[in-house]
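The values are calculated or read from the model by the stated rules, or taken from the named source; none is laboratory data. Computed from a predicted structure; not experimentally measured. Virtual Cβ from ideal backbone geometry, glycine too; neighbours counted across all protein chains shown. Just so you know, the surface numbers come from the protein's heavy atoms only, side chains and all, with ligands and any DNA or RNA stripped out. Shrake-Rupley method; radii C 1.70, N 1.55, O 1.52, S 1.80 Å.
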Amino acid sequence: MFDPMLMADFYKLSHPKQFPAGAEYVYSNTTPRSSRLEGVNAVVVFGLQYLVEEYLIKNWNENFFSKPKDLVIKKFKRIVDSTLGPNSVDTKIFEDLHDLGYLPVHIKSLPEGTLCPIQVPFMTIVNTDPRFYWITNFLETLTQTVIWQAITSATIAREYKILLNKYAELTSSAPDFVTWQGHDFSMRGMSSVESGAVSGAAHLLSFTGTDTITAIEFLEKYYGADVEKELVGGSVPATEHAVMCAGGAGIDNEYETYRRIIEDVYPTGIISLVSDTWDFYAVLRRILPALKSKIMGRNGKVVIRPDSGDPVKIVTGYFPINVKYTSEDLLVRAASDSFVMKLFNGDHDCVKTIDGKYFDNEFNELTEDEVKGAVQILFEEFGGTKNEKGYIELDPHIGLIYGDSITYRRCEQICERLEAKGFASTNLVYGIGSYTYQYVTRDTFSIACKATWVQINGKSESIFKDPKTGASKKSAKGLLSVVKDGGTLKLLNDCTPDQEASGELITIFKNGVQHNKQSLSDIRKIVKESL
């Protein structure tokens, strides 16, 4: 773990002497200022308990307060004197802090799991000792670094949950399956082991499916979860390409690999098999049907996992339109842009010629199985039932998961297309990976910490920023309170001290001590109530 005195931007070290003489208190808030995700107007609060326990308490205590003062100051001076210049930072402020023995700040936040509207602060922080007015914003770099990923991933997971709930209610007889339908595949694509664990834990606020083991350890360590007493997260045995290749290429060898795993290694239970090592459609049409009696006789489900191509088309296929052209004539006419626009201006994404051939909108030839898609092929080979809502559900012995390059929009398209083809949305599990959880930044929700109130020489002063060149960066003003107005959280600016002390923001850290701890089950309940 890094030295807590160094967990800041360099410019933070110059700020203590830049404040006006007589500065005593600085009060700041952290707010999601805007959203870059269409239709998302609030964020899920998460990660603050981790921030408090791991960084504000453990790291500051172990790597600063509990170590000899001369050693921590010497280490600090070595770095800053070599980078900013000799004696460029007055180390007395840190010496005095070491003598105090704890972080003199008061942090309040909305309860974790709360849905916080854009432009409403979810956290405030103020120093509690006038000697350390500078510590409030010195901690900004650390707090923002630790929490933005957790909040962003928790928010995105909730959006997936809303989407999958919607289509399950519309098309499925098993809407409760949605909690397993979003499965976290992201760890290997995250920026660090820590970000994988944090993001994976955020995913588990809305779902229970995960392959990120560290997320479960994270929730046990920081959020009171206990895998022996509750369902924190779960997964199933699954193959990788190395396993599928090891038995040898060729249809006979591949068949034997499938048979051995299904019949010998996992004769019962759920087993997920990556299935595009060579020819995915040969697996669907030749290998699996040859194993049908074994699959249907198992007490469990065989889940097929394609892992390449366009997930929308692999899962749902195409929507063809019949044209009165031969394939040869069609390809000749395809050179005309106006012909192409006229042909593909509706809900169809491929054509079927009078000689029985299929072509996509770029006039690549498609097989009939590509046009049907994996769900329909599995239905044809293994059967299923039409539920009371009128949608087909695959036989429970066979299933499908797709985990490559899934995005929210692709998930939505798959749900839409399955509905249009008459299949329940719960026929597919989504492996939600780093293509979702890593293609984001702190600016996805413009999470920022800004000072709004100071006290100088005993005089209170409300402060704010309002850039003419950036309206979205306008800050709040003065002491703040977050209140409920008809069930909606709203910000009150320029509050009195009594107003600031009330409201929905609760103390989570004060003078080195943690307050109001929450459990995973508490947070999941809050998230569920917001859906």
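Could you run through region 165-216 and say how many residues are farther than 24 Å from Tyr439 by Cα and either among the basic types (Lys, Arg) or open to solvent by 10 Å² or more (accessible area, probe 1.4 Å) (or both)? First the steps, then the outcome.
Initial filter on region 165-216 (farther than 24 Å from Tyr439 by Cα): 166-177.
Going one step further and asking which of them are either among the basic types (Lys, Arg) or open to solvent by 10 Å² or more (accessible area, probe 1.4 Å) (or both), we end up with 166-167, 169-170, 173-177.
Looking only at that region, the number is 9.
Among the helices (runs of 4 or more DSSP H) lying completely within region 430-531, list those that include at least 2 residues that are modelled with pLDDT of 95 or more and open to solvent by 60 Å² or more (accessible area, probe 1.4 Å).
On the way: elements: 434-437, 497-501, 520-530.
In region 430-531, the matching helices (runs of 4 or more DSSP H) lie at 497-501, 520-530.
Filter region 285-297 down to the residues that are assigned to a helix (DSSP H, G or I) and under 17 Å from Asp252 (Cβ atoms) and list them by number. Step through it out loud before you land on a result.
Step one: of region 285-297, the residues assigned to a helix (DSSP H, G or I) are 285-290, 292-297.
Across region 285-297, the qualifying residues are Arg285, Arg286, Ile287, Leu288, Pro289, Ala290, Lys294.
Anything in region 350-370 that is crowded, with 17+ Cβ neighbours inside 10 Å, out of contact with any Lys or Arg (no Cβ under 8 Å at 6 or more places or on another chain) and either within 21 Å of Ile401 (Cα to Cα) or of a type in the set (Val, Ile, Thr) (or both)? List them, or say none.
Within region 350-370, Val351, Thr353 meet the criteria.
Of everything in region 127-139, what is farther than 17 Å from Met5 by Cα and open to solvent by less than 30 Å² (accessible area, probe 1.4 Å)? Give them in sequence order.
Passing the criteria: only Asp129.
Can you tell me which condition Ser293 does not meet? The list is (1) open to solvent by 40 Å² or more (accessible area, probe 1.4 Å); (2) in contact with a strand residue (DSSP E or B) (Cβ under 7 Å, 6 or more places away or on another chain); (3) among the hydroxyl-bearing types (Ser, Thr, Tyr), and all the others hold.
Every condition holds for Ser293 apart from (2).
Specify the residue that is most open to solvent (accessible area, probe 1.4 Å); the eligible residues are those in region 377-422 that are acidic (Asp, Glu) and out of contact with any Phe, Trp or Tyr (no Cβ under 6 Å at 6 or more places or on another chain).
The first filter runs over region 377-422 and keeps only residues acidic (Asp, Glu), leaving 380-381, 388, 393, 395, 404, 412, 416, 419.
Keeping just the survivors that are out of contact with any Phe, Trp or Tyr (no Cβ under 6 Å at 6 or more places or on another chain) gives 380-381, 388, 393, 404, 412, 416, 419.
Details: Glu380: 83, Glu381: 39, Glu388: 193, Glu393: 33, Asp404: 50, Glu412: 44, Glu416: 68, Glu419: 60 Å².
The residue in question is Glu388.
I'd like to check something: does region 300-308 contain any residue that is outside any loop (DSSP other than H, G, I, E, B), among the hydroxyl-bearing types (Ser, Thr, Tyr) and open to solvent by 20 Å² or more (accessible area, probe 1.4 Å)? Before you say what the answer is, go through the steps one by one.
From region 300-308, those outside any loop (DSSP other than H, G, I, E, B) are 302-305; that's our starting set.
Those left that are additionally among the hydroxyl-bearing types (Ser, Thr, Tyr): none.
No, because not a single residue in region 300-308 is outside any loop (DSSP other than H, G, I, E, B), among the hydroxyl-bearing types (Ser, Thr, Tyr) and open to solvent by 20 Å² or more (accessible area, probe 1.4 Å).
Is one or more of the residues making up region 77-88 open to solvent by less than 30 Å² (accessible area, probe 1.4 Å), free of Cβ contacts under 8 Å to residues at least 24 places away in the same chain and out of contact with any strand residue (DSSP E or B) (no Cβ under 7 Å at 6 or more places or on another chain)?
Taking every residue of region 77-88 in turn, at least one turns out to be open to solvent by less than 30 Å² (accessible area, probe 1.4 Å), free of Cβ contacts under 8 Å to residues at least 24 places away in the same chain and out of contact with any strand residue (DSSP E or B) (no Cβ under 7 Å at 6 or more places or on another chain).
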